[in-house]
1. So if I check each of Lys78, Lys87, which one is exposed (fewer than 11 other Cβ atoms within 10 Å of the Cβ), touching a Ser or Thr at 6+ places or on another chain (Cβ under 9 Å) and not aliphatic (A, V, I, L, M)?
2. Kindly establish whether Leu73 is surrounded by 12 or more Cβ atoms within 10 Å (Cβ to Cβ), of a type in the set (A, V, I, L, M, F, W, C) and within 17 Å of the chain's Cα centre (by Cα).
3. Which residues, counting only those in region 16-34, are assigned to a loop (DSSP other than H, G, I, E, B), surrounded by fewer than 10 Cβ atoms within 10 Å (Cβ to Cβ) and of a type outside the set (Lys, Arg)?
4. Report, by residue number, each residue of region 1-31 that is of a type in the set (A, V, I, L, M) and farther than 20 Å from Arg92 by Cβ.
5. Restricting region 43-69 to residues that are open to solvent by less than 100 Å² (accessible area, probe 1.4 Å) and without any contact (Cβ under 8 Å) to a residue 24 or more places away in the chain, which is farthest from Thr8 (Cα to Cα)?
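The values are calculated or read from the model by the stated rules, or taken from the named source; none is laboratory data. Only a predicted model underlies this, so the values are computations on that prediction, with no experimental measurement involved. Ideal geometry is used to build each Cβ from the backbone, glycine not excepted, and the neighbour counts take in all protein chains shown. For the accessible areas, the whole protein counts, side chains as well, though only heavy atoms, and no ligand, DNA or RNA atoms are used. Shrake-Rupley method; radii C 1.70, N 1.55, O 1.52, S 1.80 Å.
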Amino acid sequence: MQQVENLTVGQLRAFLADLENQAEVTDDTKVFLDTGWDSIQEIAPDALSIEEAKTFQIEDPLNHDIFEGYSLLEKAEKMKAAGPAEKVLIIRNLY
């Protein structure tokens, strides 16, 4: 099974602490999401939340590799998610 490494809140805190030493990064510095397309995506000021998620597995229909992903609780049943729910930091990008 293939699994992608997740950024943790601890790693995020360490990164944000390092920003304190960079004078060119101010409170007005914008935050974007790079999805791999030609443009970067804006993140709305109200985009952050703490929610609960569960893991699910999905099979690639072409090569039959199994991948693990996460689903918010409200979509967990649809995704056949299993295991205990865990708290996660969500960055919403809904457009």
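1. Checking each option against the conditions leaves just Lys78.
2. yes
3. Correct list: Glu20, Asn21, Gln22, Ala23, Glu24, Thr26, Asp27, Asp28, Thr29, Asp34.
4. Hits for region 1-31 are Met1, Ala14, Ala17, Leu19, Ala23, Val25.
5. Among them, the one singled out is Asn63.
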